[in-house]
Each structure stands twice: as structure tokens, then as C-alpha cells.
Amino acid sequence: MQLLQTLNSPNVTSPLLRLPANGGIRSPLSSRSSSGSQTPERHTFRLQYRPVCSPVFTKAASVEAETSSISKVTAEKDVLSALSQIIDPDFGTDIVSCGFVKDLHISEAIGKVSFRLELTTPACPIKDMFEQKANEVVAELPWVRTVSVTMSAQPARPVFAGQLPKGLQTISSIIAVSSCKGGVGKSTVAVNLAYTLAGMGARVGIFDADVYGPSLPTMVSPENRLLEMNPEKKTIIPTDYLGVKLVSFGFAGQGRAIMRGPMVSGVINQLLTTTEWGELDYLVIDMPPGTGDIQLTLCQVVPLTAAVIVTTPQKLAFIDVAKGVRMFSKLKVPCVAVVENMCHFDADGKRYYPFGKGSGAQVVQQFGIPHLFDLPIRPTLSASGDSGMPEVVADPQGDVSKTFQELGVCVVQQCAKIRQQVSTAVTYDKSLRTIRVKVPDSNEEFLLHPATVRRNDRSAQSVDEWTGEQKLQFADVPEDIEPEDIRPMGNYAVSITWPDGFNQIAPYDQLQTMERLVEVPQI
């Protein structure tokens, strides 16, 4: 992630700041072309200031005069105006508008400013840059003598509404790592991604959803290799390895399961939803191969935030992976990255592609998945998985770890965008008395009359399921009805609470077909 060029704020009254000789701080971020090659891009972060009309005095000479006359209201305005120059590249807006600035305290008499920046995740790749720039822009105010900035992250909580199982209520983002084909290195990617996110400062858990052939007990080496049960709460206590919480059927003392599909779905459901995960920023689910009952159960029980697709260069792998991408698409789970494993190896100064090229690029091109990462054939990567220590832990500075670092940054960015889009997709504008709709991954925004939305409810309370007869009549809904609460429900719908206590589930697809307001109602 890189910090993008900030915008000039028309309210900025700070004096002109001299940029460093190198033109600012550069933060490289490697992106990948459709062929899987690495194309480094560099973006320069510049803080731009508008010079004031009055002469610029030295800070030491003017600070006493400034602090003697400035008011607290003016001081807060100056600080927020300065901070609004810093743009969050994920959301495309300033950190003040994002609501990151908390606990602002100003002592105008002595020129002391303190505040807290509350980011969406502790794994934010540019949190140090945010802290540095926040210090700089506020310190440049002529009346400020000292600046104190503390960093924090929002509490772990799901963005989705609905009655989630208790164990999942304090998990911010759930990421599915899937291939729909065995033997492509999906578990390797899932485990190394999880430990990469943990290394970035996040609270992380891994759920091994493969009951027939669990991989987690081989790939990690926790001291306690058996799951424990809380006898009072009847919940499962996960095991732990290097700060990451772990749950796998292989830690249940059962080895590999021999059972039919419905029984497996029940076991997975119990393991996942009754575990005491605690507060997690990311829960990585190592999905089993296939697109059957187990996969559908997981996608329906768990509010998945995003999916990472793992493939190999062979055409056969692409065919199976394509089925999985289509499954996630139907379930409204965005696929944010493709990892092409076992792509190549280097020998005698040359690069060889033993399985050909193009499977990962084909997934990206055909399904519009924005990010592609490739992993080489590396003996150490395979050996680390067999030894019980992930590669990113065994060799944190190696080339493989760098690729996983890029993948981790991508996942953090995309999850933040998805959460922001989902949380603001459907809102109620009290001043206009209209419902604003901007469906994720769409630039279109439109307005709906609240009464129209309420009258178009298709639940059993409004429409007879057997005859299709409309039970909710037009006159039953007053024209001035207003929603009491609107909350996201998965990546596909919102839950709207009305004054009569009715909770309406309104899918995005249905909202897009309703009659829209052409003219904004006059208040």
C-alpha cells in the first residue's frame, strides 16, 4: 500500500512546508501484470500547502503571540484542517472524513496537541506513515509547540447484521482460501497468509475446514495438539502457535474422518461456530477442495468477507478453479486475489516453467479478479510445510515471504474497501427522507422512497408463499414512513427495521429493480 498524493484543502492556513530533497517519501508497491510478471510501481506522497497571504514568521518568534490570541474552536479547526490533507488511499478520502481522528485534546495556552488515530485494522501497512505525517502537518501549525499522536485500531466486529453464532461475533473479516482442486498448495497459501497477517500486527485465526484430510497439524507445531472443551460454556478452546489461534479436525484427536457429507457439514459447523475465537481481525478458512455440500455450508453459515483463489499453471487446474470462482460469485463473495503456485524455478541463470504458463492470468482475465501473485517451485517452501514451521516464519526476508507480504497487503486493502462499501451501500438520508443506494462495485447511486421499499417486501409476511397473493396492501404503508435502522447483511443485502418492528431483508438486486426517485422531495 502506498500513501497517495494529498489534496489541497481550501481551508488550510498552514505556512509553506519545505519538502525533503528527494521530493517526499516513496513507498514501492509491486503489482502484477496479467502474465504474472512483477511490475514495480512507485507513487510519491507529497503534502501540499497553500501559502498564507501574510508574511511567514519563524515559529520560535511567533508561537507566543499566536497562542495568546487563538481560541480553542479555531485551534481545533486548524488541527482538523491540517489532518484533512492526509488521504487514505483505500477509501480515497481524508482521514478526518474517515473518522480516524479520535480524542482530540488541545491546550491552546501552551501549544500542546494530542489525539488518537483509530485505523480500521492494526495490520494497516502504512500506519507508521500515517503517524509520521500526522505529526508533521500538525507540528507545522505556527502556534503548536508539541504534538502527541497515539495509534489504535477499531474493535474487532463483523460489519454484517443478523444473528451470528456467538463465536463469530467478534471477528472483523473472514477470508476463504479456496482452489476447488486438491494438491495445488491451498493449505500452504492459507497458513502462510495467516502468519503474514499476524506479522503485520493483526489478531489472526486459522480454521482448517478439510475433515477428510486436515493439513494444519502437519504445517504448524503447537505445543498443545489437542482441542479442549470448556465444560461450562460447552465451547471449544482453540490451540495456539506463535500467536495464531488454530482449529482443525486433526486436533480433535480423530485423525481423518470417514463419514458421509451431511455428518461432515455438521462437524464443520460445530467446530467453527462453537469455538471461542475471541477478538480477531482476520479468520483465514482453509477451504476443502470441491464445490459440494461442505463448501456451500461454510459459505452460508459464515459471513465471508472475501476469497483468495489458489491455482497452478495447468489447464486442468483452471477448469476446477473456475467452478469455485463461479460459486463465490453466486454467493456474492468477492474474489480479491489469485495465487498461482508452482509457477517456475530458476537454474543455471535461466527461468523454467515446467507446467506451462497462463492459468492464473486466465482466471484474472476471465473473471476480472484484480490481483495476481505467483509462487515459485521452491524446496524450502515444501520443506517448511512438512516441518511444522511456515515459510514466512522460517525465512521472513526471503523472496517467498516478500510475495506473501504483498498478498497480505492486498488482502488488508481489499477487506477494508469491501467493509467500507458494504457499510455505506444503503443509507437513510434524513434531510431528504430518502434511501440512498450505491451497490458495491458499482459507480451508480440512486434514491428510493422509503414507502416504495417497504411495499416491495417479498417475505412471507407480505406475500402468500403458496398463491403469490399480495398480503401487504398499498394503503397499509403510510407515505411518510421512515426506516429506524439499516444494517448490512452479508455482501448481498441489507436488513431494514421499520417503526412497526418488522425487519425487512432487501437484496441489492431487488433494490436495483425498484422505482427510483427522479426528483428529490422538497423538505
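The values are calculated or read from the model by the stated rules, or taken from the named source; none is laboratory data. Computed from a predicted model, the values in this text were never measured in an experiment. Don't worry about glycine lacking a Cβ; one is built from the backbone with ideal geometry, like all the others, and counts go over all protein chains shown. The accessibility values were calculated without ligands, DNA or RNA, using every heavy atom of the protein model including side chains. Shrake-Rupley method; radii C 1.70, N 1.55, O 1.52, S 1.80 Å.
Rg and Dmax, both from the Cα atoms of segment 75-128 and both in Å, are 12.1, 37. To put it simply, the accessible area of segment 147-296 at a 1.4 Å probe is 52 percent carbon and sulfur.
Figure legend: label point modelled 7 angstrom from the Cα of Lys72 along Cα→Cβ; residues of segment 105-132 with amide N under 16 Å from it are 105-115. Summarised as an ellipsoid, segment 318-368 has semi-axes of 28, 9, 8 Å, derived from the eigenvalues of the Cα gyration tensor scaled by 5 and square-rooted, with the largest first.
The length gained on full extension between Glu232 and Lys357, counted as 0.36 nm times the residue separation minus their Cα-Cα distance, comes to 39.6 nm. Put simply, the amide H of Asp94, placed in the peptide plane, has neighbours under 5 Å in Asp88, leaving out anything fewer than 5 places away on its chain. Here the relative contact order of segment 285-417, from alpha carbon pairs under 8 Å that lie six or more residues apart, stands at 21 percent. Here the Karplus relation 6.51 cos²θ - 1.76 cosθ + 1.60, evaluated at θ = phi - 60°, turns the backbone of segment 239-250 into coupling constants of 7, 9, 9, 6, x, 9, 7, 10, 9, 8, 4, x Hz, with x for every Gly and Pro. Hey, what did segment 425-523 get for relative contact order, percent, Cα under 8 Å, at least 6 apart? That works out to 26 percent. Using every pair of distinct Cα positions in segment 334-445, the Kirkwood expression returns a hydrodynamic radius of 17.2 angstrom. Here the calculated FRET efficiency for Ser152 and Gln510, from their Cβ-Cβ distance with R0 = 45 Å, stands at 0.70, rounded to the nearest 0.05. Between Ser442 and Gln366, the simple label model (points 7 Å from Cα in the Cβ direction) yields a spacing of 2.6 nm. Accessible area ranking (1.4 Å probe, heavy atoms, ligands and nucleic acids excluded), largest first, for Asp399, Asp441: Asp441, Asp399. Residue ranking by accessible heavy-atom surface, 1.4 Å probe, largest first, among Tyr428, Tyr282 comes out as Tyr428, Tyr282. Shown here: segment 100-211, whose C-alpha atoms stretch 65, 32, 15 Å along the first, second and third principal axes, sorted largest to smallest.
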